[in-house]
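Okay, structure first, notes after.
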Amino acid sequence: MHGHPPRHSSYDAVIVGARVAGAATALLLARHGLRVLVLERGRYGTDTLSTHALMRGGVLQLHRWGVLNAITAAGTPPIRETSFHYADEVVTIPIKPRDGVDALYAPRRDVLDAILVDAAGAAGAEVVHNARLVDVLHGRGRAVAGAVIETRAGRHDIAARVVIGADGATSTLATLVGAGMYRQARHASGVIYAYWTGAPVDGYHWYYRPGLSAGAIPTNDGRTCIFTAMPSSRFLEEVRFDLAGSYARGLAEVAPDLAAALEGAEPVGSYRGFPGRPSFLRQSWGNGWALVGDAGYFKDPITAHGITDALRDAELVAGAVADGSDEALAAYQATRDALSTGLLETTDAIAGYDWTLSDVQALHRRLSEEMAREVAHLLLMRDAEPVLAG
């Protein structure tokens, strides 16, 4: 698993990236009976930048795939309500039990990613860590026919019916195949976050004041991920050389009660910053290749929907690859876009920070409607593919 050469020279699918999107895609393709190789540049069980928060659609899928129990067994706390703080007004929404989901969860990525990798391995996928994609193999008509990969044991040519890029917004596979963006958002959020113990929150909490936002997300080991967010331009001007000071000032401005409750406490670990990247949709399939997760569709983290997006699209692309036709891959991208465009546009409006508190409440109602559409589609997929619960 840790940098050894692949066991075979040919696979049905080679997946580049073993984070949420890649590991989930591998799990589902292996359950479809395909021979799957998954490559991950990093080590097994490592952390990564993340909002952690799962929305209902993501929890629904993890439950259906039989891996939610492992997430709860890892001590991930259940989230039973979400509170929106618009300055001094608080709107609290309970998580209603339905469709096998009675709570939301926000697992640390070293927990979630490892659980999905283990599930993919148990389903028959081969996972190789400390491995990277360096080129693609070409067949007739410049079709992608496999991958050139590098492990500690050297370079290897691996034939594959399809190569799937789940390697993030700066995807190597996307670059190699020339996959272009055809929709790009106008705005981006810069984010600073840290983990705290003993934080006085229960459930998800989202805070908004003009020009700023923040969030508190309970996760594993009794820790709460608390972030402040702002326009990327402000982050680049004010934050990059003083993460801790900018974090404290932003939190005091947007969530003064929470900031006061943390006075005298120390975060667990260091402050981490993300300067922002505009959301985008990218061409995500071609002759012998596909993209999934942030590689094909990246959305600003301000709405904390990225992991749910990745799980949804893993199921969409896995179904298309198992079908094996260009028509199925084209339908994957079309369905992804239909489910994503409203989410992307609404998120971009929130990430612009050019709103009043009344405006952002309306945007959140629109976001809720888009998420309900997504869940409805996932329920249709569940009813059509009961075998994936195995």
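Odds and ends about this structure:
- Single unsatisfied condition, residue 197 versus (1) in contact (Cβ under 8 Å) with a residue 40 or more places away in the chain; (2) outside the structural domain of residue 41 (by TED's automatic domain parsing); (3) buried (at least 19 other Cβ atoms within 10 Å of the Cβ): (3)
- Only a single item in (1) polar (S, T, N, Q); (2) under 18 Å from the mean Cα position of the chain (by Cα); (3) at pLDDT below 95 is not met by residue 189, and it is number (3).
- Exactly one residue out of 87, 21 is surrounded by 23 or more Cβ atoms within 10 Å (Cβ to Cβ), more than 15 Å from residue 121 (Cβ to Cβ) and either under 19 Å from the mean Cα position of the chain (by Cα) or not β-branched (Val, Ile, Thr) (or both): that is 21.
- From the options 50, 83, residue that is in a strand (DSSP E or B) and under 27 Å from residue 271 (Cα atoms): 83
- Those residues of the stretch 90-102 which are surrounded by fewer than 17 Cβ atoms within 10 Å (Cβ to Cβ), in contact with a strand residue (DSSP E or B) (Cβ under 7 Å, 6 or more places away or on another chain) and either part of a loop (DSSP other than H, G, I, E, B) or of a type outside the set (A, V, I, L, M) (or both), in sequence order: 92, 94
- Of the strands (runs of 3 or more DSSP E) lying entirely inside the stretch 238-317, those carrying at least 3 residues that are more than 30 Å from residue 333 (Cβ to Cβ) and modelled with pLDDT under 95 are 268-274.
- Pairs with Cβ under 7 Å, 6+ apart, first in the stretch 279-293 and under 22 Å from residue 12 (Cβ atoms) and crowded, with 24+ Cβ neighbours inside 10 Å, second aromatic (Phe, Trp, Tyr) and at pLDDT 95 or above: 285/332
- Residue among 114, 159, 145, 120 that alone is touching a strand residue (DSSP E or B) at 6+ places or on another chain (Cβ under 6 Å), of a type in the set (Gly, Ala, Ser), crowded, with 17+ Cβ neighbours inside 10 Å and in contact (Cβ under 8 Å) with a residue 40 or more places away in the chain: 145
The values are calculated or read from the model by the stated rules, or taken from the named source; none is laboratory data. This one's a predicted model, so the numbers in the text were calculated from it and none came from an experiment. Please note: Cβ atoms are built from the backbone with ideal geometry, for glycine as well, and neighbour counts cover all protein chains shown.
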